[in-house]
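The values are calculated or read from the model by the stated rules, or taken from the named source; none is laboratory data. Predicted model only: the values in this text are computed from it and were never measured. Cβ atoms come from the backbone with ideal geometry, glycine included; neighbour counts cover every protein chain shown. Heavy atoms of the whole protein, side chains included, go into the accessibility calculation; ligands, DNA and RNA do not. Shrake-Rupley method; radii C 1.70, N 1.55, O 1.52, S 1.80 Å.
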Amino acid sequence: QVQLVESGGGLVQAGGSHRLSCAASGSIFSIRAMGWYRQAPGKQREWVATITSGGSTSYAESVKGRFTISRDNAKNTLDLQMNSLKPEDTGVYYCYANINDIPRWGQGTQVTVSS
C-alpha cells in the first residue's frame, strides 16, 4: 500500500524559517509530479508548489521567492523550505504525489506562524 507521510509541522515566529518533509513508501514504480498544498482555517485548500520528476519547479505567487521545493528521487522524499514566514502562511500543509499514475495525498501537517 502506498503512503505519503508529512513531517516537520510546528509553531514558528513571523520572519523565521521552517522545513517540511514528505516521504513516500510502499510499492512504488514511478513518481511523477510532487508538490504541496495548504489550507488555512475557513478557507479552501490552495496550491503552493510543484516539482516534476525532472526537477522543474513552479510556485504560487504568494510564496515565490520565499519557499523552495525540492525532492530526492532516490529516496522518494519531498521537502519544502519556507523562509520569511508570514502569519498568512499558517495552515495545514498537504503533500501530494502522482505515484504509479494515481494521485496520492498525505494526512497533512500543521504550520502556525505567530506574529
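The set of residues in segment 59-79 being open to solvent by less than 50 Å² (accessible area, probe 1.4 Å) and without any contact (Cβ under 8 Å) to a residue 12 or more places away in the chain consists of Tyr59 alone.
For Glu6, are the conditions met, namely being in contact with a Gly (Cβ under 8 Å, 6 or more places away or on another chain) and under 15 Å from Thr109 (Cα atoms)? Judged against the criteria, Glu6 is a match. Can you name the residue in segment 22-58 that is among the basic types (Lys, Arg) and part of a loop (DSSP other than H, G, I, E, B) and, of all such residues, is most open to solvent (accessible area, probe 1.4 Å)? The extreme case among them is Lys43.
Yes or no: segment 85-96 includes at least one residue that is modelled with pLDDT of 95 or more, part of a helix (DSSP H, G or I) and open to solvent by less than 80 Å² (accessible area, probe 1.4 Å). Scanning segment 85-96, I find at least one residue that is modelled with pLDDT of 95 or more, part of a helix (DSSP H, G or I) and open to solvent by less than 80 Å² (accessible area, probe 1.4 Å), so the answer is yes. The single condition among (1) touching a Phe, Trp or Tyr at 6+ places or on another chain (Cβ under 8 Å); (2) without any contact (Cβ under 8 Å) to a residue 60 or more places away in the chain; (3) basic (Lys, Arg); (4) under 18 Å from Val12 (Cβ atoms) that Arg38 does not meet is (2). The residue that is nearest to Ile99 (Cα to Cα), among those in segment 7-16 that are modelled with pLDDT of 95 or more and surrounded by 15 or more Cβ atoms within 10 Å (Cβ to Cβ), is Gly8.
Filtering segment 97-113 to residues that are assigned to a strand (DSSP E or B) and either among the basic types (Lys, Arg) or open to solvent by less than 40 Å² (accessible area, probe 1.4 Å) (or both) leaves Ala97, Ile99, Arg104, Thr109, Val111, Val113.
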